[in-house]
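The values are calculated or read from the model by the stated rules, or taken from the named source; none is laboratory data. The structure displayed is predicted, hence computed values, not measured ones. As a convention, Cβ positions derive from the backbone with ideal geometry for all residues, glycine included, and neighbour counts pool all protein chains shown. We work out accessible area using only protein heavy atoms, side chains counted, and drop any ligands, DNA or RNA first. Shrake-Rupley method; radii C 1.70, N 1.55, O 1.52, S 1.80 Å.
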Amino acid sequence: MKRTNRSKSVIRRRYPSKALHAIALGLLAIPVLASAQLAPAPAEKDWREANDEVGKFKRGHADILKWEAQNTPAPQSQEEATPSLSLMTAEDAVRQAWKAHRELVWSMGKVGRANVDLIAKGRWTELDPMLQRKVGVVDELLEVAVQGRKAWIQAVASRQTLKHLRDALGAAEAANELGRRMVSVGNWSKLQQAQTQLALSSAQMNVRRAQHAATQAEAALIKTLRLTGVHSTIALPERLPDMPTMAIDQAVFDDRAEAIASQLPRAESMRNRAHVRLAQQAYQASHALALNTRDEVLKVREFITEETVLHYNGMLKSVWDLLGEVSNQSQAVVGAIDAQRDFWIAETDLQWVLQGGAPDSFVSLGGSGGETAAAAGH
């Protein structure tokens with residue numbers, strides 16, 4: 001099956017959690033929709049006869065899957081509280097963080113509105129390196145910006161992962177329901193159904209862990225903004241910002257590193273050079289890994305998933321093959337979100353170091369929190 005441009009765009013720009021859920025809906029749609037067209041008692045319908053009915057569709061289960069996805073009511077939001085604060089960009093988080101530090105008002109005046117805007121927008125490499133010498137308070141302004149930016153990145157990534165795993169849970173629930181119905185008509189044994197029950201339990205635990213992580217990340221963001229007790233939940237975007245295809249040019253990087261080092265006292269300059277090496281390595285590695293995951297791993301996974309669905313529809317693959325691929329796809333998507341999160345954290349650290357900053361640690365690629373506790377450059 002030839003993929004559409006829209007499908008490619010989804011893989012590149014939006015991790016396909018809905019596609020995974022659609023596959024699961026297709027599993028459930030096999031006994032439900034086909035039998036619903038023939039009789040009101042789906043549990044009593046023979047599995048082979050249901051497949052014969054599905055075969056009347058041009059693309060078999062894929063057409064039923066499409067119909068189900070279009071006609072299934074959207075699930076109600078699981079958010080219990082209406083967000084009272086909206087932070088849809090990292091810039092919003094940085095400016096909100098500054099508001100919590102009233103002592104920075106004077107510093108912002110000294111830095112100048114144009115430079116403050118560059119910092120808030122994350123365009124730190126455009127700042128004049130002479131700021132380090134001219135304005136001695138710029139370090140505190142940058143540090144608060146880093147804290148707000150990182151906390152926002154963590155919160156958005158955690159919420160994005162949670163949403164995806166909730167969709168994956170829907171897939172596991174559908175698979176378990178399919179197994180239950182196949183047992184009821186004598187096509188599966190209790191042993192076979194037990195495997196779908198285990199998959200469902202695993203998906204439920206993953207959602208609980210992700211829910212906890214998302215709650216903690218949001219609480220950390222609220223704490224960073226000094227809004228604990230003022231706001232209990234924050235409106236955030238559904239996904240992290242798109243990554244740049246190209247990393248910072250090496251020549252630009254070298255020039256910037258040299259320019260900032262020349263503005264620092266000798267001892268600080270030596271420490272900064274050590275931080276620069278670590279920050280650059282983390283930035284380049286995280287950028288390469290995130291691009292590889294986005295442009296290769298997810299594309300291949302999409303192809304395998306589509307082919308598995310087609311083979312399953314043609315009865316060339318077992319339900320275990322399909323369920324296994326749904327699980328593999330889910331893991332790939334979570335890995336891609338983690339890689340993108342790691343890149344944005346590494347990019348923040350790099351920009352900070354190129355302003356003379358000294359992070360306590362740098363990103364640990366693939367780590368659950370995006371950072372390692374190991375001290376860098378000390």
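Summary table below
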| item | result |
| --- | --- |
| Nonlocal amide H pairs with Leu85, under 5 Å, H built at 1.01 Å | Ala235 |
| Length added when fully stretched, Arg113-Ala267, from 0.36 nm per residue minus Cα-Cα | 52.4 nm |
| Probe 1.4 Å, protein heavy atoms only - accessible area per residue of segment 234-299 in square angstrom | 53 Å² |
| Rounded to whole Hz, the Karplus (6.51, -1.76, 1.60) HN-Hα couplings of segment 331-340, x for glycine and proline | 4, 5, 5, 4, x, 5, 5, 4, 5, 5 |
| ³J(HN,Hα) computed for each position of segment 111-118 - Karplus, 6.51 cos²θ - 1.76 cosθ + 1.60, integer Hz, glycine/proline x | 5, x, 4, 4, 5, 4, 5, 4 |
| Calculated FRET value between Gln204 and Arg123, using beta carbons and R₀ = 51 Å, to 0.05 | 0.75 |
| Accessible area of Glu103 in the full protein assembly, 1.4 Å probe (Å², nearest 10) | 90 Å² |
| Calculated FRET value between Met88 and Arg180, using beta carbons and R₀ = 51 Å, to 0.05 | 0.75 |
| Model label zone, Thr245; criterion: amide N under 11 Å from point 7 Å along Cα-to-beta-carbon; scope segment 284-313 | none |
| Chain lengthening between Lys190 and Lys99 when straightened (0.36 nm per residue, less Cα-Cα) | 26.8 nm |
| Computed label-point distance, nm, for sites Ala259 and Leu310 using a 7 Å Cα→Cβ extension | 5.2 nm |
| Projected label distance in nm at Asn328 and Ala288, using a 7 Å step from Cα toward the beta-carbon | 2.6 nm |
| Size descriptor, Kirkwood hydrodynamic radius, that averages inverse alpha-carbon separations across segment 104-223, Å | 18.2 Å |
| Base-10 log of normalised Debye intensity for segment 143-183 (one unit scatterer per alpha-carbon) at q = 0.26, 0.35 Å⁻¹ | -0.80, -0.99 |
| Table column - 3J(HN,Hα) (Hz), segment 253-260, Karplus curve with 6.51, -1.76, 1.60, x for Gly and Pro | 4, 4, 4, 5, 4, 5, 5, 6 |
| Solvent-accessible area of Met246 with every protein chain in place, 1.4 Å probe, in Å² to the nearest 10 | 150 Å² |
| Carbon + sulfur, % of accessible area of segment 155-307 - ligands and nucleic acids excluded, 1.4 Å | 56 percent |
